[in-house]
Structures are given as structure tokens and as C-alpha cells.
Amino acid sequence: MISYHTSTFRIAALCAVIVFCCGFSWGLGKSDPCKEAHSTLDTLATITDSIKRTKTEEAILKACPNGAAALYIQAQRAEKESKPDDAITLYREALAKDTTIAEAHGNLGLLLSEHGLKDEASVELTRGLMGRSDPRYHLALAQIMNNGTLPSLVLFHYGEALKAYPDNVEIHAGLAAAYVQLGQYVNAEKEFVRLKGLKPKEVKYQLGLADVYRKSGRLDLAITELRASLLDNSSDKEGHRLLAEVLMEKGEREAARKEYLLAGVDVTINPEDFARKGDEHMKAREFGQAISAYQTALKGRPMWLDVQYKLGKAQMAAGRDDDAMATLTSLIKAGFKDGAVFFDLGILHERSGQLDKAISAFRLSVIHDPDNVNAHRRLAEIFTSRGGFAEAADQYRELLRLREDNPLYHLDLGQVYDRMKDHKNAVSEYQTAVRLDPNNLEGHRELARLFMHEGQFAKAEHHYNEVIRLDSEDEAARNALITLYVKQKRYDDLTTFIKEWLDKAPNDPQRHYRLGIVYEIKKEYDLAVTEYKKSIALQPDNARMLFALGRTYMKTGRLSESREMLEAAKKADPTFAGPQLLLSSITYSPQRISHAGKKHVHKKTSHARKKHVHKKTSHAGKKHSVRKSKTKKR
């Protein structure tokens with residue numbers, strides 16, 4: 001029989017083995033096995049010994065089989081077994097339980113990228129890189145972004161991947177393309193030279209080097225490179241076409257014509273004529289015909305980038321956004337680095353609701369053309385709509401750098417500051433807006449609101465008056481001024497203000513009603529009654545006007561007339577509670593209603609009370625005398 005101490009010793013020894021092999025202890029004390037599993041998962045990638053790694057994985061699976069760490073292990077194994085769909089599901093389940101597993105994000109991103117889900121993949125890969133720098137994640141992100149719109153980011157991710165894969169041809173090709181995009185031709189040349197060393201027979205790298213020479217203005221070197229390539233690849237139409245383009249740029253038209261023929265280009269077409277026709281059609285807003293003309297011009301001169309851009313503009317104007325997107329993207333990949341192209345691409349992305357891509361394109365537009373007002377404005381408006389007020393403010397400040405005297409930009413920046421609760425800067429921008437344009441209605445309205453909120457009533461009043469000067473029917477400004485006058489008990493100013501408003505429309509029942517309220521506040525009840533009657537004459541079935549007149553009658557003790565008006569108000573709007581409440585007061589306690597009524601009731605009650613006291617006293621006296629006489633008799 002095994003003793004208790006022996007059993008305990010064996011259990012302890014077993015725990016020690018687990019600690020030694022797996023780096024932690026489950027089941028000892030009060031530790032959470034799932035938390036311990038997650039902690040061990042952090043060091044799993046550092047275990048190079050396959051046996052030890054397998055043992056650690058099994059320990060994780062056994063300790064917390066339904067935890068995030070176990071699901072991550074299962075996802076990895078599904079990958080190794082070539083079950084990518086199962087792996088994607090398991091990675092997602094793991095991340096649903098624990099979003100901090102960086103490798104789960106990164107590995108999921110790799111699988112999603114392979115499935116063509118590029119947008120979702122880029123998010124997961126980025127999250128993976130936030131946990132650890134994995135060259136696989138950098139490479140996958142570079143491949144996703146290598147579409148001509150984000151060359152700087154592409155360079156960064158390819159550069160990070162290159163540290164682990166120094167001779168990877170795809171990485172060097174991606175770097176070369178990104179350098180071309182950015183106009184860094186010296187660096188692009190180095191990459192193409194390296195590619196030629198890695199792949200000497202690869203024609204596309206020879207053509208790429210020639211294109212770099214061409215773009216950097218070294219046409220003779222470009223021609224030499226292209227002719228060297230065509231010695232071994234005489235049937236390469238792309239090589240002949242590129243050589244024809246270079247020869248055209250050098251002015252060697254006959255030599256270029258021969259190369260175009262070898263490239264299969266229709267040299268009977270005069271590209272210049274069709275380009276001119278396209279321009280004429282665009283001017284006449286005949287967009288379909290302009291598209292056809294530009295396309296024909298490009299058949300005669302395929303890499304005419306200016307005409308390709310005009311084609312993209314014509315497609316945009318015709319509403320053929322998908323075609324325009326393809327044309328402009330191709331143009332960017334070909335090295336056309338005009339901020340206007342990126343701006344138009346941004347507009348296309350914005351039209352399709354792809355705001356992140358639109359932002360990227362607009363940013364590239366201002367990189368290539370820092371003075372592009374339209375791109376700054378679009379960025380500012382998108383950031384504002386998405387609640388990115390700090391970024392919106394940056395763009396509005398850029399707009400003001402370019403157009404400091406534009407009151408609308410000051411107004412827009414003020415509204416952004418307003419939303420950021422930066423009222424000091426908001427006021428400053430609004431004031432500049434109305435200084436530059438005294439008739440800026442929105443500027444005055446915003447200033448009035450802010451000053452009113454801050455208790456600066458004199459300034460608020462000035463700007464509300466400006467609003468009414470510009471828009472006499474602005475109800476919000478008028479009501480705000482009325483509130484301001486009432487708060488300050490400036491009833492004479494309020495009366496003048498309402499009278500002036502009434503003079504502009506003497507047959508407006510609401511204006512008579514408002515003036516009546518002012519007189520009622522001032523306790524000028526006869527004038528109030530006059531205005532209420534005028535408003536009712538113009539709008540007989542208005543319950544509030546009838547109620548106001550009934551209320552004023554009540555205040556002056558005219559109870560029968562008050563009851564008549566209140567009954568009429570109740571009939572006009574049965575849901576309005578005010579008339580019924582006052583009617584109840586008249587019915588049950590009329591002595592509480594009017595000041596005059598109070599005096600009358602008070603006198604009457606006082607007289608009755610005296611008579612009652614006299615009677616009571618007299619009666620008590622009689623009783624007392626009776627008692628006295630009885631006592632005497634006794």
C-alpha cells in the first residue's frame with residue numbers, strides 16, 4: 001500500500017516536471033490555468049526544440065482546452081494540415097476570447113490575404129505587427145499596398161521584410177517600383193541593377209531599368225538598355241513599344257515608326273489629331289465622343305500619359321467611374337506623379353464610399369502638390385464628418401495658409417474648434433470670419449450663441465441683431481433676443497423690439513400675441529387685452545391666444561369674460577390643460593383669482609367673522625349671566 005507521504009511526493013515530483021518542461025504550474029495554489037496558458041504562449045515562439053514545443057502545446061491544450069491559447073494552437077495545426085478555412089475560423093475564435101494574441105492577428109492576416117480579402121487582411125497584419133515585428137507580416141502588407149497609392153508605406157514594409165529575405169526577388173522588385181513612384185530614380189536604378197544580377201534573363205527588369213533611365217531624362221542610356229534587351233528578345237512587343245516612345249521623345253520619328261510597327265501599333269493613326277479631337281469634344285461636353293477620340297490616340301501612342309489622364313477625366317465626367325479608376329490607377333503605376341491625378345482618384349474612392357482609400361489618395365495629392373486647395377478641403381470635410389476634429393483643424397489651417405482672406409475657411413475652422421470645446425479659438429476664428437465678411441450670417445449666429453452661453457450678453461445681443469439684420473425672419477435669433485431682454489428685465493427694450501417686428505407685418509397674429517405677452521409681463525393689462533383681441537381676430541381658433549386673453553381677464557377680475565375665453569380655448573384644443581386648470585379655479589375658489597376679488601372677499605369675510613364673533617360673545621355672556629342668577633337663587 002502506498003503511503004500518504006509517498007503519494008504526496010509523487011504528485012509534487014510530477015508538478016516539478018511540468019514546471020521544468022512547460023515553464024509554469026497549473027493546479028498549484030489558486031492560479032488560473034487559462035492565464036498561465038496565455039503566459040506560456042508568449043514564449044512558445046522562442047522554443048526551437050520540436051519535442052519540447054510539442055509538449056508545451058499539449059500542456060496548453062490540456063490545461064485550458066477551450067481558452068484562446070488552445071484555440072491558437074489548434075489554428076496553427078490546422079494551417080500545417082493545409083486546412084486554411086478551419087485555421088481562419090479557429091484564429092477568429094481565439095481572438096474573440098483574447099484580442100492580445102499578436103501572432104493570431106498576424107497569421108489570420110496572412111490567410112485572409114491568400115483568400116483575396118485584402119482590406120481585412122491589412123487590419124489583422126497591422127495588429128500582428130503591433131505585437132511583434134514579423135518579416136512575413138511586413139512582406140504581406142507591402143504586397144497588399146503595392147498598388148501605386150502608398151509608395152512610402154510600401155518602402156517601409158518591403159525594407160523590414162528585406163532584413164530577413166535579402167535576396168528575395170519580389171522584395172527588390174517591389175522596392176524598385178515604389179522608388180519609381182516616389183521619383184527616387186537613383187535608388188530605383190540600384191534595385192533594378194540588383195534584380196538584373198539576381199535574374200539576368202528576366203526581360204521585365206531590363207525594361208524597368210530602361211524606363212528609369214527614361215524617366216530621369218537619360219534617354220541615350222534608355223535606348224542602349226532597350227536595344228541590348230531586344231538583341232536576345234527580338235519579338236518582345238513591349239520592348240519595341242518602349243523603345244519607340246523613347247525615340248519619339250528624342251525626336252527620331254522615323255526610327256520610332258519602325259519600332260511601333262514591330263510593337264504592333266497602328267502607325268496610320270495620327271495620335272495628335274485624335275488627341276485634339278478629344279479636347280474639342282470635352283469642351284463641348286460630348287464625353288462619350290471624347291473618350292473614343294482619346295482611346296484612338298492611345299492606340300497610336302500607347303504610353304502618352306497626358307492623354308491617358310485626359311481619358312480618365314473624360315470617363316469621370318461621363319460617370320464611368322470604374323473605367324476612370326482603372327485608367328488613373330494605371331497612370332499612377334506608370335509614374336505619372338501629378339497631385340491632380342491623386343485628387344481625382346480620391347474623388348472616385350469617395351464617390352464609392354471608400355473613405356480610407358480616399359483619404360490616402362488626397363494625402364498623396366497634397367504630398368505631390370502641397371498647394372492643392374481642393375484636396376485639403378476634401379480631407380478637412382471627411383475628417384470633420386468622421387469626428388476627426390484635430391486632423392480637420394490641421395487641414396483648415398493649411399487652407400488658411402493658402403487662402404488667409406477666405407472667411408468661409410475661418411468659419412469652418414471655428415466650427416471645428418467649437419466641436420473640440422476650444423471656445424477661445426472658435427470665437428477668434430468666427431470674429432475673423434465676420435470681420436472679413438460682415439454679412440457672414442453663420443459667423444454672427446455662432447458668435448451670438450457662444451457669447452450667450454458665456455454670459456456676455458452685450459456681445460450676444462450685438463450679433464443676434466446682426467443675424468436679424470441679415471435675416472429678419474430668423475426665429476431662433478429673435479427668440480434668443482427676447483429671452484435676453486426678459487433675463488435682464490429690459491421690458492421697454494423688449495416692447496420696442498416686438499413693436500418693430502410687428503410693424504413689418506401688422507396682420508401677423510403671432511406678432512400681436514407676442515406683444516400681448518410683453519404687455520402682460522409689464523402688467524399693462526389693458527394693452528395686453530387689446531393685442532390678444534387683435535391676434536384672435538386674425539386667428540379665432542388659436543387655443544393659446546384664447547387662453548392668454550382669458551388669463552388676463554382673470555388677473556383683472558373680469559371672471560365671466562375669463563370663463564368665456566377659457567371655455568373657447570378648451571374647445572379649440574381639448575388636449576391643452578391650461579384652460580381647464582384655470583376654469584377649475586374660477587369654479588371652486590373665485591376669491592383667490594384676482595387682486596380686486598381678493599379685497600372684496602376679504603372685507604366680506606371680515607365683516608361676517610365680526611358678526612359671528614359678536615353673536616358668539618353675546619351668547620356666551622347670556623349663558624354666564626344665567627349661571628350667575630342660578631347661583632344666587634341657590
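Structure notes:
- Normalised by 2.2 N^0.38 Å, where N counts its residues, the alpha-carbon radius of gyration of the stretch 74-232 equals 1.25.
- Multiplying the residue separation of Leu355 and Ala505 by 0.36 nm and subtracting their alpha-carbon distance yields 49.1 nm.
- Using a Förster distance of 41 Å, the FRET efficiency for Lys55-Val193 (Cβ separation, nearest 0.05): 0.25
- Model label sites at Lys571 and Asp119, defined 7 Å from Cα along the beta-carbon direction, differ in position by 6.4 nm.
- Computed extension length for Arg403-Met303: 32.3 nm, one decimal, from 0.36 nm per residue of separation with the Cα-Cα distance subtracted.
- The Arg257 and Leu153 beta-carbon pair, evaluated with R₀ = 56 Å, returns a calculated FRET efficiency of approximately 0.85.
- Share of alpha-carbon pairs per 5 Å distance bin for the stretch 440-591, given as whole %: 2, 10, 17, 16, 16, 13, 11, 8, 5, 2, 0, 0
- Across the stretch 340-458, the convex hull enclosing all Cα atoms gives 99 Å³ per residue.
- For the residue pairs Lys83/Lys357; Lys35/Lys97; Lys196/Lys357; Lys190/Lys237, the alpha carbons lie more than 22 Å apart in Lys83/Lys357; Lys196/Lys357; Lys190/Lys237.
- Inter-label distance for Gln539 and Asn479, nm, one decimal - labels placed 7 Å from Cα along Cα-to-Cβ: 1.4 nm
- Unsatisfied cross-links (Cα-Cα over 19 Å) in the set Lys215/Lys313; Lys215/Lys333; Lys313/Lys333: Lys215/Lys313
- Between the stretch 462-491 and the stretch 525-585, the Cα center-to-center distance that results, in Å: 27 Å
- Zone of Val169's modelled label, taken as backbone nitrogen in the stretch 201-219 under 16 Å from a point 7 Å along Cα→Cβ: 201-209
- Each part gets one Cα centre, and for the stretch 88-135 versus the stretch 311-389 those centres are 29 Å apart.
- Here's the picture: charge each Lys and Arg Cβ at +1 and each Asp and Glu Cβ at -1 in the stretch 300-416, and of Ser352, Gly387, Thr327 the one pushed furthest to the positive end of that dipole is Thr327.
- Estimated inter-spin distance, Lys522 and Arg276, nm [label 7 Å along Cα→Cβ]: 8.0 nm
- Cut-off 13 Å, label 7 Å out along Cα→Cβ of Thr268, residues of the stretch 277-303 by amide N: none
- Proximal aspartates and glutamates to Lys201, defined as alpha-carbon separation beneath 14 angstrom and excluding residues fewer than eight positions away on the same chain: Glu225, Asp232, Asp236
- Of the two radii for the stretch 60-103, the radius of gyration is 0.95 times the Kirkwood radius, both from the alpha carbons; that is the Rg over Rh value.
Every number in this text was worked out from the coordinates using simple rules, so none of it is lab data. Note that the structure is predicted; figures quoted are calculated from it, not measured. FYI the Cβ positions are ideal-geometry reconstructions off the backbone, even for glycines, and counts take in every protein chain you see.
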